[in-house]
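Beneath this line is the structure, given in C-alpha cells, with notes to follow.
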Amino acid sequence: TTHQGAIQSAARLKSINAKHLSLVTQCVGMVTAILPHVRAALMAQLPSKQHTLLVDLDKIKKEYAEHSEMVLNKFVNIIGGIVEHGLAPRISSINFDSRAKANPLPAEDVTGPIPCCVFLEGVNTNIKKMHQVLNALLPNVHMQDVFSRIFAYVDQKIPAILISAAAASSAQSDKPAKAGFSLPQTDEGKRRMILEVESMTINLNNLAGVRPWDFTAMNVLERKLDYELRPKVEVHPAETVSETVESHENASETAESLKNGSGAEVPKEVPSSETDEKKAEHVVENEPQESVKDSDDSEAKEADATAETSAEESSPNDDKQVSKNYPVNEMNGTESELSLEDNGGKPEVVGEETG
C-alpha cells in the first residue's frame with residue numbers, strides 16, 4: 001500500500017528505494033514527536049467539556065506509529081526481494097566441495113573473513129549498499145533497529161534457502177540436464193560452506209553503527225551437515241566424583257580408627273590452608289611429648305612405690321640407730337655435720353672441717 005500510494009501521489013515516483021523510505025521515516029518521526037505538544041496546547045485552550053475531542057489526536061498518533069513500523073519493515077522487504085529473487089537462482093552453480101579443493105583453507109582455525117561464493121557475497125554487498133544510504137539519513141537508534149531486523153531475516157533465511165535448494169535439486173536428480181545445487185559431502189566442503197557463512201556474518205557485524213547480532217545460521221548448517229566446525233572438548237565429571245567419594249570414605253575410616261583407639265596408620269591429609277598446616281604440625285609435635293610425659297609419670301610412681309617398700313623394711317626399732325641430717329650452719333667459715341644417735345639425745349660432733 002505504501003508503494004502504490006507513493007507512485008500515485010503528486011511526486012509520481014517510478015519506484016521506491018531505500019533513500020525514499022529513510023526520508024519518510026524521518027518525517028513520520030517528526031510528526032509523532034510534535035503531536036503530544038499540540039495536544040497539550042489544545043487542552044490548555046479548550047474548555048473541559050471539549051477535551052473529548054483530543055481523543056482523535058491519540059488515534060492519529062497511533063496511526064503514525066503503525067505507519068513508521070511498516071516503513072521500517074519495508075527495508076527488510078527490499079533485502080528479502082534481492083536475496084530470494086535476485087541471488088537465490090545463482091546457488092545452482094555453487095559446489096562447495098570443488099571450492100574446497102580449488103582454494104584449500106589452512107588446517108588451523110580460521111576466524112577472519114575468507115572469499116565467499118557468489119550467493120553469500122551478493123547478500124553481503126547489497127546489505128552494505130543499503131547501509132551506506134541509511135547511515136547518512138537515519139539516526140543511530142533507527143539504524144540499529146533497521147539492521148537488527150535485516151540481520152534476523154538473513155540469519156533465518158540463508159540456511160533455509162541453501163537447504164531448500166539442495167532438496168529441490170535432489171528431487172530433480174533424474175534429469176541430468178539440470179544439474180543443481182547439492183550440500184557438500186566431504187569434510188573439507190562442509191567446513192568451507194560453514195566458514196563462508198561465518199565470514200559473511202563477521203562482515204555484517206563490522207558495519208558501523210549497527211548492533212552486533214548473534215548469528216545462529218552456522219549452528220543450523222552444522223546440524224544439517226552433521227559436522228562440527230569447532231568440536232567441543234568434553235569434560236567427564238565421573239572421575240572427579242569418584243575421587244571425592246573415595247576421599248570421604250578415607251576420612252570416615254580415619255575418624256573411626258581414631259575413635260576406637262586402633263593403632264592403624266592414619267593417612268595424612270593435606271591441609272587446605274596455611275593455618276591448617278600449622279595446626280597439623282602442632283598436633284604431630286605434641287603427640288610424642290604427651291607419650292613421654294605419661295611414661296615419666298608411670299616411672300615416677302613405680303620409684304615412689306619402691307621407696308616406700310624399702311622404707312617400711314628398714315624402719316628403726318628401739319635398738320637401731322636413727323640418723324637425721326640438719327642443715328649446714330655457717331659459722332666463722334666452718335661447716336659442721338651433726339648426727340644424733342641413741343645416746344640419751346645428746347649431740348655428738350662427727351667431723352669438723354675448717355675452711
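Key figures
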item: Long-range neighbours under 9 Å by Cβ, at least six apart or interchain, first residue in a loop (DSSP other than H, G, I, E, B) within region 90-111, second open to solvent by 60 Å² or more (accessible area, probe 1.4 Å); result: Ile94/Val118; Asn95/Ser182; Asn103/Pro115; Pro104/Glu188; Leu105/Glu188; Asp109/Arg230
item: Selection count, region 90-131, where residues are open to solvent by 30 Å² or more (accessible area, probe 1.4 Å) and touching a Phe, Trp or Tyr at 6+ places or on another chain (Cβ under 9 Å); result: 4
item: Residue in region 219-243 that is least open to solvent (accessible area, probe 1.4 Å), counting only those that are among the hydrophobic types (A, V, I, L, M, F, W, C) and at pLDDT below 90; result: Leu229
item: Residue in region 109-127 that is within 35 Å of the chain's Cα centre (by Cα) and small (Gly, Ala, Ser) present; result: yes
item: Residues satisfying the stated conditions in region 5-22, i.e. open to solvent by 80 Å² or more (accessible area, probe 1.4 Å) and at pLDDT 55 or above; result: Gln8, Arg12, Lys14, Lys19
item: Selection count where residues are among the hydroxyl-bearing types (Ser, Thr, Tyr) and either within 14 Å of Val83 (Cβ to Cβ) or free of Cβ contacts under 8 Å to residues at least 24 places away in the same chain (or both), scope region 122-159; result: 2
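The values are calculated or read from the model by the stated rules, or taken from the named source; none is laboratory data. Since this is a predicted model, take the numbers as computed values, not measurements. Positions of Cβ are backbone-derived with ideal geometry, glycine not excepted, and every protein chain shown enters the neighbour counts. Ligands, DNA and RNA are excluded from the accessible area calculation, which covers all protein heavy atoms including side chains. Shrake-Rupley method; radii C 1.70, N 1.55, O 1.52, S 1.80 Å.
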